[in-house]
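For reference, the structure is listed below as structure tokens.
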Amino acid sequence: MKLLELLGYFNYWVFAIVLMVGLYAVISKANLIKKLIGLSIFQSAVFLMYITMDKVEGGTAPIIQKGVENQIFSNPLPQVLILTAIVVGVSTLALGLAMVVRIKESYGTIEENEILDAD
Amino acid sequence: MIFVFAIFLLSLLVITSIAIVRTTNLFVAVMLTSIFSFLMAANFFILDAADVALTEAAVGAGVTTVIFLCALALTGEREKPRINGRKTARVAVAILASLMIYATFDKPRLGDPDAPVHQHIAPWYIEKTTEHMDFPNVVTAILSSFRGYDTLGEVFVVFAACIGVLFILGVPPPAQKRLNKVVEQNKGLRHHLIPQVVGRLVIPFIVLFGLYTQFHGEYGPGGGFQAGAIIATGIILYALLEGENKALQAVPRSVLLGMVIGGALLFGSVGVICMFMGGNFLEYSVLSADPIWGQQLGILVIEAGVGMAVCGALLSIFHAFAARENVS
Amino acid sequence: MYIVVSIAILATMVLALTRALMGPSVYDRVLAANVFGTKTVMLLSVTAFLYGRPDFLDLALAYALVNMVGILAVLEFFQKRSRRKAELEDD
Amino acid sequence: MIDILIDVFSWVLLILGGVCVLIGGIGGLRLPNFYTRIHAASLTDTMGAILIFVGMMLQSGLTLATLKLFAIMLFLLLTGPTATYALANAALLSGLKPDTGSNHDEVEKEEPAE
């Protein structure tokens with residue numbers, strides 16, 4: 001495979017790496033807020049993969065310009081999915097943070113191991 | 001040529017994500033998360049996703065950072081490093097990463113026109129948008145009319161999350177945490193006169209730009225979700241500069257809840273009205289004699305509903321967190 | 001010609017990112033985030049021209065407006081923390 | 001003839017803007033303490049923004065894009081320095097003393113804000 005061929009897969013490799021970095025944060029970090037940050041990184045990696053799939057060689061964004069004829073457009077469908085997913089992601093993140101605040105107030109700590117001991 | 005940009009920005013993305021996970025100071029992690037969202041928006045734009053980049057910009061820069069910081073103010077800022085369990089987690093993650101990278105080799109190359117993704121339904125959408133709706137932005141057409149039912153579900157998810165946060169943070173904190181002295185007026189950035197003056201100058205433009213994005217959704221990148229986030233960011237800026245109480249006077253809590261409920265209700269009622277007029281649920285072409293104008297009218301009203309719901313939800317979430325800080 | 005400008009902006013982004021990662025005090029990181037924000041605005045507008053789609057400047061305009069909120073939120077957070085520290089001392 | 005002149009002038013402005021932005025980045029990295037870095041980064045920020053956006057405005061002639069470019073430049077000029085001012089103010093208030101040059105030999109003490 002020549003280099004240019006390999007570069008075509010670079011986006012997917014970055015997706016795999018950022019996904020795993022997010023997963024690592026969720027698994028190995030005890031602090032609940034760090035877990036939520038890891039979760040949002042995990043989510044952004046998934047968004048990146050969807051949007052990488054929609055790019056068409058030489059295509060522009062799927063907004064039809066009046067004058068231009070037979071334009072190649074990138075695929076609009078993944079963009080619609082991700083557009084709503086970002087806003088939903090933020091509101092669920094806010095829900096998670098609200099729970100973390102309540103855990104801090106009742107347990108006095110947000111380190112996972114200390115919470116388990118307190119139970 | 002876009003490969004140069006894409007590779008450059010994506011490698012920055014990887015570096016930032018690794019740096020986020022490694023720092024122990026949570027505040028630094030939040031700052032790096034805002035840089036992470038800047039990079040995501042730039043990547044989305046380079047990969048031809050203008051609407052998504054605008055959403056990531058409107059939501060990532062303003063609302064996410066503010067919500068994280070409000071939560072950090074209520075919980076500790078320092079993270080205690082964990083000693084055991086690091087080795088196994090790293091090995092497991094490394095194996096998974098190599099498996100996934102191995103799996104990516106039979107994916108279509110970036111930008112490959114005859115990839116299966118592009119054959120199935122996308123060309124149909126692009127043709128039908130000019131035929132049914134006759135406006136340029138295909139993404140808004142799919143979002144609000146072809147896939148209107150899913151967007152309705154999304155608005156209800158945002159609504160549920162907002163109600164969830166209000167329930168969770170509605171309970172007053174346990175008594176001993178409450179500061180006995182009278183809560184001095186939250187003056188926002190007190191002695192920063194210049195940001196207040198410039199903020200007072202910029203906030204109307206932010207809200208105006210939010211409304212522009214709301215109604216410009218058909219012709220360029222924009223729509224309800226982005227507009228709601230931008231307007232919420234403008235009012236959050238007002239709350240930061242003038243103090244949270246004055247922001248509550250400007251947009252009281254009842255109005256916020258009314259916006260959240262009203263937006264979701266507006267969306268659903270447009271669907272029901274379509275059924276009354278003979279079409280099926282969320283089929284806007286029956287709304288008026290000329291089907292194309294019916295579609296455009298329906299989409300306009302729905303985007304307004306989505307914008308109201310998202311703006312109300314994000315703002316009431318912010319006020320729920322900010323009110324908590326005064327008390328505890 | 002836009003490519004030259006965009007490469008310069010990308011290079012500055014890398015420098016700002018290294019300052020964000022290395023920065024000794026926390027305010028260096030906030031400064032790096034601020035510089036990064038303005039560079040993103042410039043990169044978006046230059047790329048909009050590079051792609052020949054100048055109607056996408058709305059993104060850069062949105063970013064130019066929203067960029068300040070993050071920075072002021074951080075400073076508000078610090079002000080509250082120092083105020084709370086002062087209260088703890090005199091309590 | 002006139003549009004060649006405009007083209008050349010806008011390229012010169014664009015390149016100057018790029019160089020100015022680059023200098024800001026390098027300055028932000030190499031300067032010793034916080035206040036010199038903030039000085040370097042914020043100054044070249046606004047200057048680079050002016051140069052690049054005026055260069056692009058010349059390039060795009062009298063269209064809607066020029067108006068948008070002008071609006072972006074205006075808001076960048078408004079919000080950029082304000083954010084930097086608020087940052088420097090907060091740093092000063094939280095006890096990060098600027099190095100007044102008198103105590104050059106003293107090693108830069110660890111900022112209390114960390």
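The values are calculated or read from the model by the stated rules, or taken from the named source; none is laboratory data. Values in this document were obtained by computation on a predicted structure and should not be read as measured data. Heads up, the Cβs are rebuilt from the backbone with ideal geometry, glycines too, and the neighbour counts pull from every protein chain shown.
Each residue in segment B:143-191 was checked for being at pLDDT 85 or above, at the interface with another protein chain (Cβ under 8 Å from one of its Cβ atoms) and in contact with a Ser or Thr (Cβ under 8 Å, 6 or more places away or on another chain), and 9 of them qualify. Scanning segment C:43-66 finds no residues that are under 13 Å from the mean Cα position of the chain (by Cα), in a helix (DSSP H, G or I) and within 16 Å of residue B:28 (Cα to Cα). Quick one: would you say residue A:94 is modelled with pLDDT of 90 or more, part of a helix (DSSP H, G or I) and either out of contact with any helix residue (DSSP H, G or I) (no Cβ under 9 Å at 6 or more places or on another chain) or facing chain B (nearest Cβ under 7 Å) (or both)? Yes. Let me confirm something: among C:51, C:2, which residue is among the aromatic types (Phe, Trp, Tyr), touching a strand residue (DSSP E or B) at 6+ places or on another chain (Cβ under 8 Å) and surrounded by fewer than 22 Cβ atoms within 10 Å (Cβ to Cβ)? Being among the aromatic types (Phe, Trp, Tyr), touching a strand residue (DSSP E or B) at 6+ places or on another chain (Cβ under 8 Å) and surrounded by fewer than 22 Cβ atoms within 10 Å (Cβ to Cβ) holds for just one of C:51, C:2, which is C:51.
Looking at segment B:40-65, which of its residues are over 18 Å from residue A:39 (Cβ atoms) and more than 7 Å from chain A (Cβ to nearest Cβ)?
Applying the first criterion (over 18 Å from residue A:39 (Cβ atoms)) to segment B:40-65 yields B:41-55, B:57-58, B:61-62.
Result: B:41, B:42, B:45, B:46, B:53, B:54, B:57, B:58, B:61, B:62.
Per-residue answers, yes or no, for (1) more than 9 Å from chain A (Cβ to nearest Cβ); (2) in contact with a helix residue (DSSP H, G or I) (Cβ under 7 Å, 6 or more places away or on another chain); (3) over 24 Å from residue B:307 (Cα atoms); (4) in contact (Cβ under 8 Å) with a residue 40 or more places away in the chain:
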position: B:70; (1), (2), (3), (4): no, yes, no, yes
position: B:79; (1), (2), (3), (4): no, yes, yes, yes
position: B:87; (1), (2), (3), (4): yes, no, yes, no
position: B:104; (1), (2), (3), (4): no, yes, yes, no
position: B:135; (1), (2), (3), (4): no, yes, no, yes
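Check whether at least one residue in segment B:67-87 is β-branched (Val, Ile, Thr) and closer than 30 Å to residue B:240 by Cα, and report yes or no. Checking segment B:67-87: at least one residue is β-branched (Val, Ile, Thr) and closer than 30 Å to residue B:240 by Cα. A count restricted to segment B:272-315 and to residues that are more than 30 Å from residue A:90 (Cα to Cα) and not acidic (Asp, Glu) stands at 17. Scanning segment A:1-24 for residues that are more than 20 Å from the chain's Cα centre (by Cα) and part of a helix (DSSP H, G or I) gives A:3, A:4, A:5, A:6, A:7, A:8. What are the pairs, 6+ residues apart or on separate chains, where a residue within segment A:41-62 that is facing chain B (nearest Cβ under 7 Å) and of a type in the set (S, T, N, Q) has its Cβ under 6 Å from a residue that is outside any strand (DSSP E or B) and crowded, with 19+ Cβ neighbours inside 10 Å? What qualifies is A:44/B:40; A:52/A:11. Residues that are part of a helix (DSSP H, G or I) and among the aromatic types (Phe, Trp, Tyr) were ranked within segment B:124-163; the one that is farthest from residue B:224 (Cα to Cα) is B:124.
Taking the condition in contact with a Leu (Cβ under 6 Å, 6 or more places away or on another chain) and within 26 Å of residue B:315 (Cβ to Cβ), does residue B:77 pass? Quick ask: steps written out before the conclusion?
Details: in contact with a Leu (Cβ under 6 Å, 6 or more places away or on another chain): yes; within 26 Å of residue B:315 (Cβ to Cβ): yes.
Yes, satisfied.
Taking first residues from segment A:95-110 that are of a type in the set (Ser, Thr, Tyr) and partners that are at pLDDT below 90, the Cβ contacts under 8 Å between residues at least 6 apart in sequence or on separate chains come to A:106/B:174; A:107/A:114; A:107/A:115; A:107/A:118; A:109/A:115; A:109/A:118; A:109/B:76.
If you scan segment B:230-279, which residues turn out to be within 23 Å of residue B:291 (Cα to Cα) and outside any helix (DSSP H, G or I)? Matches in segment B:230-279: B:277, B:278, B:279.
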